[in-house]
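**Student:** Here you go, one structure.
Only the coordinates and a few stated rules stand behind these numbers; no lab work does. The shown structure was predicted, so the numbers you read here are calculated from the model rather than taken from an experiment. Methodologically, a virtual Cβ is constructed for each residue, glycine included, from the backbone with ideal geometry; neighbour enumeration extends over all protein chains shown.
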Amino acid sequence: MISNPERIPVFLRYPDDPVSEEMFGRSMVQVRHEKCGYRFMLYTGTAWPVPAVETQAPPFEINETHYYFRAGFPSWYTVCTMKDASVARNTVRNWVESGDSFAAMAGATDLVLRTPFTMRNRAYQKAALYDMEEWPDYNQLHGFDESHVYSHVFYLDHQLYKKFILVAKKWDCSWRVEVNILSEHEQIMLPDFVPAGQAFGSFYPLR
């Protein structure tokens, strides 16, 4: 039992207010991926529920990136899954704090951004990366051994974006879930939390 659900911040809670239900309710569908062991609610107003799948290196038991998007729409989602014995021995924070830093230094922008193929080869400029911490009540509710949340603010071809990142693991399987939205202001604002809450608040492991 969760001792106090209100301790879970809004960017990790699926919005259940009447306004969100009226605006998004009929366009939300559950995505369920058996191989990669996850499910979550997707807003089909900006993304198709069938992902484009890329296999990543190194060749773990599972190492895939799933892109949920619609051509011509600026927002998108990604779900990366890694399953390997090494996952249980390492903190998920390394995926963002070490992995992204190394990829950026190596010039591997797509590993930092994880953009669909329709949006690649655009000029990238980082504005900020915010540590939004770990929330034990969220882990307990969703069945994760560990999780952490970040927000990455960046520009693509002078267009401002915000990326909310959830990294989580259970046993030897980990997931990196990203919600990318257009923005007009670099600072994080309350409306930015709605798409993040839709995805993160409904993201659960299947095993």
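**Student:** Out of region 104-198, which chymotrypsin sites (Phe, Trp or Tyr not before Pro) are coil in DSSP terms and have no more than 16 other C-beta atoms within 10 Å?
**Tutor:** TRP171
**Student:** Please report the orientation-averaged projected area of region 47-188, defined via the convex hull of its C-alpha atoms, in nm².
**Tutor:** Seen from a random direction, the Cα hull of region 47-188 projects 8.7 nm² on average.
**Student:** Return the lysines within reach of LYS162: Cα separation strictly under 25 angstrom, same-chain partners fewer than 8 residues apart disregarded; answer none if there are no such residues.
**Tutor:** Of all the lysines, those that pass the test against LYS162 - Cα under 25 Å, at least 8 places apart if same chain - are LYS126.
**Student:** Of LYS170, LYS35, LYS126, how do they rank once you tally other Cβ atoms within 10 Å and put the fewest first?
**Tutor:** LYS35, LYS126, LYS170
**Student:** If you don't mind, another one. Which aspartates and glutamates does LYS170 reach when only Cα atoms under 17 Å apart count, and residues fewer than 8 places away in its own chain are ignored?
**Tutor:** The qualifying aspartates and glutamates are GLU34, GLU61, GLU64, ASP84, GLU134, ASP137, ASP145, GLU146.
**Student:** Rounded to the nearest 500, what is the 222 nm mean residue ellipticity of the chain from helices alone, with -39500 (n - 2.57) per DSSP H run of 4+ residues and division by all residues?
**Tutor:** Counting only the DSSP helices, I get -5000 deg cm²/dmol.
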